[in-house]
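The next block holds one structure in the form of structure tokens; read it before the comments.
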Amino acid sequence: MKPWLVVTVVGVVTGCCKAAGPVLLGGRTLGGTASRVVALIAPVMLAALVVTQTVGGDRALVLDARRRGGGRTAAAPSVKVSA
Amino acid sequence: MEPEAGLRDGVRAALPIALGPLLFGVSFGLLARGAGIGSVTAIAFSATTFAGAAQFAAVSVLGAGGSVAAAVLLNARYAPMSVAAAGAFRGGLLRRLVDAQLLVDESWALARRDGRFRREILLGAGVLLYVLWIGGTVVGTVVGNSLGSPSDYGLDAAFAALFLGLARPTLVGRRAVTAAVVAAAVVVVLLPFTPPGVPIVAASAACLFGLVR
């Protein structure tokens, strides 16, 4: 894909996702069950991102020693656990 | 509280984490150059999208010739996040639309105080992070060759630490911990078999633990 097309598509979709709540709900807040579901979005998404960044490879689980050490350890060989 | 003072509170709240977005902005600029994206395009990308993870995914897609679906899927999380913070936005439709673009993981997390989202924190932090993200992108694209690859500095390995730092304060209570563990397990199971982005979206189903009283 052309870079400008990717920039446009990702930009428009991102803008729509970010605006979904404020535009559709306005200043209203969710209550009850919906609010409990929404409250879990942060821990769920962030946990998923942590795992993805720690062991995520190209359709593989890749254990990178630098990531285990939070980036403190210098370059180390990657171990491919599963293809 | 005066609006200006409120925004300053948001800027101050984001200062302790300011170095991260700046360095990741530099990292993004460097990777964009490596993927053959021009400086203007990379800077425009940061200015119009302002979403780190998805931008990195898009750059990797451009470098590998894959689909842009991963970047789109990564940003799908902003829809429920913006729903959660909807009560913090005020004004007319256009104002809410524009203000919402300052919603990123960090500003969203910082703005959550006592179970509610504070508008001035979200916007103030968002403005600072936006400036740093674009500034970092400019530095990365303009002086990229002299700086080398992000992996030389371990920047590529620092994402996990960044997200872990943001996740820890959200893991309050058994329900949140259970949902997070399940989400992590879903990602581990799906990573070897699905395109990038799919495991994260699938993991979002763990939010349904909120249906349980």
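Computed from the coordinates by the stated procedures, all read-outs in this text should not be read as laboratory data. This structure is a prediction, so every number in the text was calculated from the model and none was measured. For neighbour counting, all protein chains shown are included, and Cβ atoms are generated from backbone atoms with ideal geometry for every residue, glycine included.
Taking every residue in B:172-179 and counting other chain Cβ atoms within 10 Å of its Cβ, the average works out to 3.
Each other residue within a Cβ distance under 10 Å of A:L46 adds +1 if Lys or Arg and -1 if Asp or Glu, for a net charge of +1.
Scanning residues 5 or more positions from A:L63 or on other chains, those with amide H under 5 Å from its amide H are A:V79, A:V81, with H placed 1.01 Å from N in the peptide plane. Here the Karplus relation 6.51 cos²θ - 1.76 cosθ + 1.60, evaluated at θ = phi - 60°, turns the backbone of segment B:126-135 into coupling constants of x, 5, 4, 5, 5, 4, 5, 5, 5, x Hz, with x for every Gly and Pro. Ordering B:D9, B:D114, B:D99, B:D105 from the fewest to the most neighbouring beta carbons within 10 Å gives B:D114, B:D9, B:D99, B:D105. Quick note on segment B:171-213: its Rg to Rh ratio, both from C-alpha atoms and Rh being the Kirkwood radius, is 1.03.
Each of B:A47 and A:T8 was given a label point 7 Å from its Cα along the Cα-to-Cβ line. The distance between the two points is 1.7 nm. Summarising the label geometry, the points placed 7 Å from Cα in the beta-carbon direction at B:R168 and B:F193 lie 3.4 nm from one another. Net charge of the neighbourhood of B:F209, taken over other residues with C-beta under 14 Å away and scored Lys/Arg +1, Asp/Glu -1, is +4.
Across segment B:47-59, computed HN-Hα scalar couplings (Karplus, 6.51 cos²θ - 1.76 cosθ + 1.60, θ = phi - 60°) run 6, 9, 9, 6, 8, x, 4, 5, 5, 5, 4, 5, 5 Hz from first to last residue, x flagging Gly and Pro.
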